[in-house]
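Data first, discussion second: the structure below is written as structure tokens.
The values are calculated or read from the model by the stated rules, or taken from the named source; none is laboratory data. Remember, it's a predicted structure, so these values are computed and weren't measured experimentally. Cβ sites come from the backbone with ideal geometry, for glycine too, and all protein chains shown count toward neighbours. Note: areas computed on protein heavy atoms with side chains; ligands, DNA, RNA excluded. Shrake-Rupley method; radii C 1.70, N 1.55, O 1.52, S 1.80 Å.
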Amino acid sequence: MAFLLALLALLATGTLSWAEAKPPNILFILADDLGFNDVSFHGSPQIPTPNIDEIARTGITLNSYYAQPVCSPTRATIMSGRHVSHTGIYMPLMMGTAARLNISYSTLPQFLEKLGYDTHMVGKWHLGQNELAAMPTGRGFASFFGYLSGEEDYITHQAAGAFDLFDGTRTAFEFNGTHSTGLWVSKVLNLLSKPSEKPFFIYLAFQNVHWPLEPTEEALRRFEGKTGGDAQRQGVCGLASMLDDAVGQVIRKLKDQRLYDDTLIVFASDNGGPTNGFQGTWSSNYPMRGGKNTLWEGGTRVAAAIRGPGIPQELVGSVSYHKVHAADWLPTLVRVAANDPKWLERNWPQGEPVFELGDGMDVWDTFSKGVAVREEVLLEAHQQDETRIAHGNSLIVGDWKILKLSPSQQEEFGWVPPPGQNPREVEYQLPCRLADQPRSVDYTECSEEFCLFNVASDPCEYRNVAKEHPKIVARLAERLAEYQKTAVPAVNSKDCGCAPVMVKGAWRPCDLPDPGAAWALRNLVV
Ligand SMILES: *[C@@H]1O[C@H](CO)[C@@H](O)[C@H](O)[C@H]1NC(C)=O
Ligand SMILES: *[C@@H]1O[C@H](CO)[C@@H](O)[C@H](O)[C@H]1NC(C)=O
């Protein structure tokens, strides 16, 4: 009876028609530093990831999905739909500074909230910590359980010398000593247990497999003798395996609650894995070139898959090489939630700058019809006088990619298979002939002049063909210059207000320093 009355009330206000089905739930799972070659659906059995593989197998594997080469830039882009050349977040935000994603930009959860969604965030934020308005609960999430920094201890939740774990806006000291992977899962299972008339959006941003390498002893033992004696690789394998278990627990709960078929699930990594012992860790993007912190394919073309309502039977289990960029999630998911490709345009917040060249595109037709929508992917662009900052300049147009690197991490330059994996025994899901892999690496390559790669036929970037195709280089450089025109300088923390503060050993926003205080305003309004 109560349900019927609620339904009649909705009909009376015109927000629901009989013909309209409930919009899908959306579960967005983001992994941290997980390499292209750290999931078994890409071919290697070294790290069995049956649960993540299920998302790919029952949906679409996105093998030309691009993100930024480091953490905060990708996250800012997912949340705002804006390219880093417009958010100004080219590098990870530094703990303890005021820097943040511009709070005047509307976020994905803010739009979904307007569309009637329950919005929840669990896990890593890394988009600002200085004021309440910059925290997830100030950016469109009705609930938040997680941390605000980029790199912290999984168990003590210490980051840059202070405790960083929040339940809403309250510091959650009670979980000091509890591993984050299990914490996030418990929270999500809890959310999924509560029935709601509204569809949900859950942004589940895992800490795995970022360093410090702290898998449980049990997870570590699974890889005993399987990583060529390399302890760092074993640590990453353990963390990836724990991540997969966690995804499995969430999928099982969705099935138990009969929510699985009504939930669109996105799985993606935030950037290419740091490889080869760099930063004391050993993710793998092999056979692609390079890793985290670089604009090579290995740093930017990351593991991703999508499954759920709206993906037609004929595309289930397929591998797509149509381009998708991290900026596309906002317009695409909002379109799905609204069931209307024009909703975003019609509901654009007054006075807010509109999307520019390089920002998000609605790529739903790629997922629902299997057709190409995006032809170009901007990886990074800077104004001319800033070509030496951040990672460099790079643009993909069709099959071609131009690339000019700023001085980079040499550890992340070449092609190194992970210890314990024999490449000759693996069918990687990319058309690279391992026999063509150069024997040595030129660390100055692409730093003075543009390199050119055909990333359709040579996704492993074995052969720079700039000399053979000067006209193509010139055409792409000209196109890149259009992107460079709108690129903004890096965010300056001086423009972002007061710095976060350390209180009772914990990081706190400067406008709510009391660790025990919960910011209740939002709940009062509802
Ligand atoms: C976390 O627990 C450890 C061990 O009990 C303790 O030494 C540390 O001070 C605690 N951290 C915080 C921020 O309370
Ligand atoms: C945030 O974006 C607005 C609109 O583009 C801009 O005017 C403002 O300067 C930006 N704020 C910061 C701190 O960058």
Discussion item. How much accessible area per residue does segment 104-226 have, counting only protein heavy atoms and a probe of 1.4 Å, in square angstrom?
Written reply: 32 Å²
Fill in: Those trypsin sites (Lys or Arg not before Pro) in segment 235-278 that DSSP places in a loop and that have at most 15 other beta carbons within 10 Å
R258
Worksheet, complete the sentence: Taking placed amide H atoms and a strict 5 Å upper bound, the residues 5 or more places from L452 or on another chain that come that close are V465, A466
Worksheet, complete the sentence: Pseudo-spin-label distance M502 to S447, built 7 Å along Cα→Cβ, given in nm, is 3.6 nm
Worksheet entry | Alpha-carbon centroid distance for the pair segment 127-173 / segment 238-253, whole angstrom | 22 Å
Worksheet item: Hey, can you list the DSSP H helices of the chain whose Cα span along the axis is 15 Å or longer and whose average Kyte-Doolittle score is at least 0.5?
Response: 2-13, 180-193
Worksheet entry | Cβ-Cβ FRET estimate between K369 and T156, R0 fixed at 51 Å, reported to 0.05 | 0.60
Worksheet entry | Bridge type composition, the chain - antiparallel percent by DSSP, nearest 5 | 50 percent
Worksheet, complete the sentence: As a Kirkwood estimate from alpha-carbon pairs, the chain has a hydrodynamic radius in angstrom of 23.4 Å
Fill in: Net dipole in debye of segment 359-507 [+1 Lys, Arg Cβ; -1 Asp, Glu Cβ; about Cα centre; nearest 20]
120 debye
Worksheet item: What is the mean projected area of the alpha carbon convex hull for segment 148-210, to one decimal in square nanometres?
Response: 4.9 nm²
Discussion item. I'd like the FRET efficiency for A474 and E352, computed as 1/(1 + (r/R0)^6) with the beta carbon distance as r and R0 of 30 Å, rounded to 0.05.
Written reply: 0.25
Worksheet item: For E482 and A231, what does the FRET efficiency come to when R0 = 35 Å and r is the distance between their Cβ atoms, rounded to the nearest 0.05?
Response: 0.15
Item to complete: For R170, enumerate residues with amide H under 5 Å from its amide H, sequence gap 5+ or separate chain, H modeled in the peptide plane.
Response: W519
Worksheet item: Among rounded, prolate and oblate, which fits segment 69-174 when a ≥ b ≥ c are the square roots of the eigenvalues of its C-alpha gyration tensor, a/c under 1.5 means rounded, and a/b larger than b/c means prolate?
Response: oblate
Practice prompt. In debye, nearest 20, what is the charge dipole magnitude of the chain about its Cα centre with +1 on Lys and Arg Cβ and -1 on Asp and Glu Cβ, if you could check?
Written response: 640 debye
Discussion item. Under the 0.36 nm per residue contour assumption, what length would be gained going from the current alpha-carbon distance of A490 and K342 to full extension?
Written reply: 50.1 nm
Worksheet entry | Electrostatic dipole magnitude of segment 215-335 [Cβ: Lys, Arg +1; Asp, Glu -1; Cα centre; debye, to 20] | 140 debye
Fill in: Over 32 Å between alpha carbons, listed pairs K226/K401; K226/K504; K226/K404; K114/K255; K226/K292
K226/K401; K226/K504; K226/K404
Fill in: Charge-dipole axis of the chain as Lys and Arg at +1 and Asp and Glu at -1 on Cβ define it, positive-most pick from W400, I60, V416
I60
Worksheet item: Along the positive direction of the dipole of the chain (beta-carbon charges: Lys, Arg +1; Asp, Glu -1; about the Cα centre), which of Q232, P500, T332 reaches farthest?
Response: T332
Worksheet item: Using the per-residue mean of other Cβ atoms lying within 10 Å as a proxy for protection, in what order, highest first, do the peptides 171-181, 131-141 fall?
Response: 131-141, 171-181
Worksheet item: Of the heavy-atom accessible surface of the chain (probe 1.4 angstrom), what whole percent is carbon and sulfur?
Response: 53 percent
Fill in: Partners for K485 among aspartates and glutamates (Cα-Cα distance below 15 Å; same-chain residues under 8 apart left out)
E356, D359, E380, D385, E386
Worksheet item: How far is it, in nm, from the label point at D261 to the one at M94 when both lie 7 Å from their Cα along the line to the Cβ?
Response: 5.3 nm
Worksheet item: Tell me, what is the percent relative contact order of segment 20-374, built from C-alpha pairs under 8 Å that lie six or more residues apart?
Response: 30 percent
Discussion item. Restricting to Cα pairs below 8 Å that are 6+ residues apart, what does the relative contact order work out to for segment 177-288? Please round to a whole percent.
Written reply: 27 percent
Worksheet item: Under Stokes-Einstein, with the Kirkwood radius over Cα pairs standing in for Rh, what whole-number D in µm²/s applies to segment 301-357 at 10 °C and 1.306 mPa s?
Response: 116 µm²/s
Worksheet item: So what is the accessible area of segment 397-438 per residue, in Å², with the probe set to 1.4 Å?
Response: 51 Å²
Practice prompt. Could you point to the residue in L27, S85, V488 farthest towards the positive end of the chain's charge dipole, with +1 and -1 charges on the Cβ of Lys/Arg and Asp/Glu respectively?
Written response: L27
